[in-house]
Amino acid sequence: MRLRSSLMATLMLVTAPLVTLAGMPTVPVARSAETKNAVVNFSAHPDDDLLFMNPDIVADIQGGKEVWTVYLTAGDVPFPAGPLNYANHRVEGELAAYARAAGVPNVWEYDPLFLSGREVSSYVLADAAVRLVFTYIHAAGPDDWTGDLERLWQDYSFVSYPIDGGDPYTHESLVEMIAELLHEAQPQLIRTQDPDAETEDHIDHAGGALFVAEADSPDGITAIRRVEYYSYPIQEMEPNVTGYLKDEKTAVWYEYRPYDDQLVEGDWDNVMDRQYTIRTFEPGTPWFPGKKLPTGRAANPDHPPAEHHRQGGPGGQG
């Protein structure tokens with residue numbers, strides 16, 4: 001049975017399924033019969049989307065597109081109150097950030113998806129076409145440099161048990177879940193992180209991108225237009241985001257920050273003025289994964305992911 005977290009208690013009422021974060025009921029969201037002009041972003045951890053795929057996501061939301069973001073791990077790290085508690089704080093931060101991006105009140109409906117025979121946690125923003133989806137799969141971090149995404153990728157017999165008590169995943173069932181989600185969303189565009197990332201990045205960034213690519217291109221041919229984004233390496237790249245979009249990226253990030261207790265002052269300020277894509281795969285074109293990283297490469301003692309992930313302090317994943 002799925003664990004009932006403090007987040008769920010805050011966001012859900014039995015008699016009023018749509019509530020504000022303060023617990024005040026509002027009018028239920030009207031769900032559209034079909035998705036049009038949709039984008040699905042796949043983020044390894046809660047915050048990767050805000051740091052590495054913005055301002056593109058903000059521009060999509062403010063441009064009226066239907067935006068889905070899927071978090072392929074819980075982003076859990078060792079935390080005094082427990083990994084689920086910390087992961088749920090990050091969920092709350094993402095909800096607040098996307099409401100700010102849309103310029104609407106922070107009011108969400110808990111609206112789980114049923115994909116590949118499992119219930120997947122999902123929230124829909126009341127006054128904008130935004131859906132956030134959370135898998136709660138265990139992330140790589142200071143207590144486990146490999147993480148469950150890499151185990152799932154390397155070992156088809158491995159079973160991952162989400163930290164919220166949700167249904168377990170295997171390699172095959174995670175690919176099926178992603179494929180069914182894409183069928184449900186009917187996006188025109190998919191965003192991922194870098195499937196060829198090396199030691200200057202996080203193992204979950206590569207693993208998440210590889211799973212999405214497999215779901216989108218099971219026969220090696222791209223089905224849906226897919227764009228890959230650099231993550232940690234943008235810290236060393238030239239600024240390329242200015243003006244309104246830089247201000248919006250920064251404002252959205254600072255809406256998230258108070259919910260993440262692993263952040264210290266100044267963390268990730270050095271990427272507010274940059275965003276870089278890597279490759280774009282058009283429908284019908286071959287997809288080649290390139291270099292696949294060996295299990296455990298995130299344990300590089302020179303650049304462990306929890307230390308190399310940003311300028312400005314120790315802590316959890318980016």
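For the reader, a short list of remarks on this structure follows.
- Student exercise, the stretch 196-259 dipole from Lys, Arg, Asp, Glu Cβ charges, in Debye to nearest 20: 340
- The 3J(HN,Hα) values that the Karplus relation (6.51, -1.76, 1.60; θ = phi - 60°) gives for the stretch 61-69 are, in residue order, 4, 6, x, x, 6, 7, 10, 10, 10 Hz. Gly and Pro appear as x.
- Separation in nanometres of the label points that stand 7 Å from Cα toward Cβ, at ASP261 and GLU200: 3.4
- By the count of other C-beta atoms within 10 Å, a proxy for reagent exposure, PHE158, PHE114, PHE281, PHE134 are ordered fewest to most as PHE114, PHE158, PHE281, PHE134.
- Alpha-carbon centroids, the stretch 140-200 and the stretch 212-229: separation in whole Å: 14
- By DSSP, the beta bridges lying fully in the stretch 36-308 are antiparallel in about 45 percent of cases.
- Within the stretch 261-284: backbone nitrogen closer than 18 Å to the GLU238 label point (7 Å, Cα to C-beta): 271-278
- Cβ charges +1 (Lys, Arg) and -1 (Asp, Glu), total dipole of the stretch 131-200, debye: 280
- Between the stretch 238-294 and the stretch 68-105, the C-alpha centres lie 16 angstrom from each other.
- Length gained on full extension, ASP155 to VAL104, computed as 0.36 nm times the residue gap minus the Cα-Cα distance: 14.1 nm.
- Karplus-derived HN-Hα couplings along the stretch 216-226 (A = 6.51, B = -1.76, C = 1.60, θ = phi - 60°), whole Hz, x at Gly and Pro: 7, 10, x, 9, x, 10, 5, 9, 10, 3, 9
- Loop-located GluC sites (Glu not before Pro) across the stretch 226-280 with a Cβ neighbour count of 12 or fewer within 10 Å are GLU265, with loop assigned by DSSP.
- Computed over the stretch 36-308, the quotient of the alpha carbon radius of gyration and 2.2 N^0.38 Å is 0.92.
- Label separation (GLU172 vs THR285): 3.2 nm, computed from points 7 Å beyond Cα along the C-beta direction.
- Charge-dipole axis of the stretch 36-308 as Lys and Arg at +1 and Asp and Glu at -1 on Cβ define it, positive-most pick from GLY141, SER116, GLN186: GLN186
- ³J(HN,Hα), Karplus 6.51/-1.76/1.60, whole Hz, each residue of the stretch 118-124, x for Gly, Pro: 9, 8, 10, 4, 7, 10, 10
Here, each number is a calculation from the coordinates, and none is a lab measurement. No experiment lies behind these values; they were computed from the predicted model shown. For neighbour counting, all protein chains shown are included, and Cβ atoms are generated from backbone atoms with ideal geometry for every residue, glycine included.
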